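**Q** Mind having a look at this structure? Questions to follow.
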Amino acid sequence: MIYLDYQATTPLAPEARDAMMRWLDGPDGMGFGNPHSPHRLGRQAAAAVDLARERVAALFPPGGKVYFTGSATEALNTVMRGCEPVRAGAGIAVSGIEHAAVWDTARALANPFHELAVDAEGLVHPEPEIADGVGLVAVMQVNNEIGTIQPVAQIATAAKAAGALFVCDAVQAAGRIPIAHADAIAISAHKLHGPKGIGALWLRDGVEVAPLITGGGQEGGLRSGTLSPALCAGFGVAAKLANDRMQADADHIETLWARALELFEGWTLNGSDDARWHGNLNLRRDGLDVARLMSDVRNVAFSAGSACASGSGKPSRVLQAIGLNDKHVKNSIRLGFGRYTGMDDLEEAAAAINAAASAQGI
Ligand code: PLP
């Protein structure tokens, strides 16, 4: 199986797995301590959580604090539902290409909703018009479907000038490019070669958020529930590795990207080619029957639109937002590659996809 779906999830780094095992079954079967217990087993586990927190914090800008959550979705819900402006009834403005974790949350709230337009390249305007009464602006750093890199530094400035809190979904940026400044930032371990089931919310110092999940208040009073030292340790090692290898990983991806453009000559790229994370190739070909392509090319894991959207059978909201008509949306596939993708994997996958597309007579 060739894995080309790096936006859906990434392979667990062996180093992260090794770090997790210590807190699952070692040493002497005594690695299971509750990090919130005062005895020695608990304190050992707490030290592992502290180290992981430092490593994850190193991905973020200075001047804030990391809170572990169960996912980026939970982190985004926590800040979007719990921040002061939203609780006071202020408006919410989000870009038309946000992940469902932001989009559906904004839609589910009773606050006035505003959509920030994106252009045909898949980019939000760096100085978006922010309507009066908006208290929260959310724009992602890297889009999960088309990989476009948003001008979030400028948008953060515009949000600040409008007196709004700026929330950034940096799930697809974290570990790949430096995370930009915001008031609140969400990331997810499994998108950077860490385990599933853990994310992080970073809050700039001074940003007040009410808890979404109440109970023991284990995460600085903001989030309750016993932390998993294994998940934290795996996340920490994955974050450190991503930070240490950021340039090497990016170089590898540039090499794959350059070759991919040759291999998929004749296909049309959806979204900007330069303001883009190059591990994301979202392509279309007129007349392509994507469902048939996927069933013909079973040894390659790739996606039609985003993993979440493709399960629902609904056309991709992101591809529609950049102006693609329904036919073009349905003719699109997403290939995602990264650290562990070999050139031979990419070449073999491209040969299989191109052969299956040709068999459709296109
Ligand atoms: N935001 C983006 C851009 C994503 O790609 C994803 C995952 O698909 C999420 C948020 C949600 O992350 P998690 O799986 O940690 O809830």
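**Q** Have a look at the DSSP beta bridges in the chain and tell me what percent are antiparallel, nearest 5.
**A** Working: 24 of 42 bridges.
Of the beta bridges lying entirely in the chain, close to 55 percent run antiparallel.
**Q** Moving on. State the antiparallel share, in %, of DSSP beta bridges confined to the range 113-204, rounding to the nearest 5. Before the final figure, lay out the partial values.
**A** Details: 7 of 13 bridges.
Of those bridges, close to 55 percent are antiparallel.
**Q** Also: HN-Hα J couplings of the range 107-112 from phi, Karplus 6.51/-1.76/1.60, θ = phi - 60°, integer Hz, Gly and Pro as x?
**A** These are the phi-based 3J(HN,Hα) values: 5, 6, 7, 7, 5, x Hz.
**Q** Go ahead and run the numbers for FRET between MET21 and ALA359, Cβ-Cβ distance against an R0 of 35 Å, rounding to 0.05. Intermediate results must be reported in sequence, preceding the final value.
**A** Values: r = 45 Å, r/R0 = 1.29.
Once rounded, the FRET efficiency stands at 0.20.
**Q** Based on the Kirkwood radius over alpha-carbon pairs, what is the Stokes-Einstein translational diffusion coefficient of the chain at 37 °C with 0.692 mPa s viscosity, in µm²/s? The partial results should precede the final answer.
**A** Details: Rh = 21.2 Å.
Reported coefficient: 155 µm²/s.
**Q** Right, something else. Which length gain, in nm to one decimal place, applies between LYS160 and SER37 when the Cα-Cα distance is subtracted from 0.36 nm times their residue separation?
**A** Working: separation 123, 0.36 × 123 = 44.28 nm, distance 4.10 nm.
Gain on extension, LYS160 to SER37, equals 40.2 nm.
**Q** Considering only ALA182, ALA93, ALA352, give the residue with the highest GNM mean-square fluctuation for the chain, with springs between Cα atoms whenever their separation is below 10 Å.
**A** Highest fluctuation of the listed residues: ALA352.
**Q** Please work out how many pairs of lysine residues in the chain are eight or more positions apart (or on different chains) and have Cα atoms closer than 19 angstrom. Provide the component values of the computation, followed by the final result.
**A** Numbers: LYS65/LYS240; LYS191/LYS240; LYS196/LYS240; LYS314/LYS327; LYS314/LYS330.
Lysine pairs satisfying the spacing and distance rule in the chain number 5.
**Q** Which ³J(HN,Hα) values, rounded to whole Hz and listed in residue order, are derived for the range 12-24 from phi using the Karplus coefficients 6.51, -1.76 and 1.60 in 6.51 cos²θ - 1.76 cosθ + 1.60 with θ = phi - 60°, glycine and proline given as x?
**A** Calculated HN-Hα couplings, in order: 5, 5, x, 5, 5, 4, 4, 5, 5, 4, 4, 9, 9 Hz.
**Q** Once phi is turned into θ = phi - 60°, what whole-Hz ³J(HN,Hα) does the Karplus curve with 6.51, -1.76 and 1.60 give for every residue of the range 188-198, x standing for Gly and Pro?
**A** Karplus-based 3J(HN,Hα) across the range 188-198 equals 9, 4, 6, 8, 10, 6, x, x, 7, x, 8 Hz.
**Q** First measure r as the distance between the Cβ atoms of ASN243 and THR214, then evaluate 1/(1 + (r/R0)^6) with R0 = 35 Å and state the FRET efficiency to the nearest 0.05.
**A** Working: r = 33 Å, r/R0 = 0.94.
That pair, ASN243 with THR214, gives E of 0.60.
**Q** Which value, in debye to the nearest 20, describes the size of the charge dipole of the range 233-303 about its Cα centre when Lys and Arg Cβ atoms bear +1, Asp and Glu Cβ atoms bear -1, and nothing else is charged? Before the final figure, lay out each step's value.
**A** Working: 8 positive and 11 negative charges, 61 e Å.
Charge dipole, the range 233-303, about its Cα centre: 300 debye, nearest 20.
**Q** Explain nothing, just the number: relative contact order of the chain, from Cα pairs under 8 Å at least 6 residues apart, as a whole percent.
**A** On the way: 750 pairs, mean separation 85.0, N = 362.
Here the relative contact order equals 23 percent.
**Q** Something else: Skipping prolines and chain starts, which residues have an amide H placed within reach, meaning under 5 Å, of the one on LEU165, given they are 5 or more residues away or on another chain?
**A** Here the answer is LEU136, VAL137, since their amide H atoms fall under 5 Å of that of LEU165.
**Q** If the label point is 7 Å along Cα→Cβ of ALA250, which residues in the range 124-164 have backbone nitrogen under 11 Å from it?
**A** Counting backbone N atoms under 11 Å from the label point, the list is empty.
**Q** So if we plug the beta-carbon distance of ASN325 and LYS196 into 1/(1 + (r/R0)^6) with R0 = 41 Å, what FRET efficiency do we get, rounded to 0.05?
**A** On the way: r = 35 Å, r/R0 = 0.86.
Step by step, r from the Cβ atoms, then E = 0.70.
A short reminder: the numbers here are calculations on the coordinates, not readings from a lab. Keep in mind it's a predicted model, so treat the numbers as computed, not measured. A quick note on method: Cβ atoms are made from the backbone with ideal geometry, for glycine too, and the neighbour counts reach across all protein chains shown.
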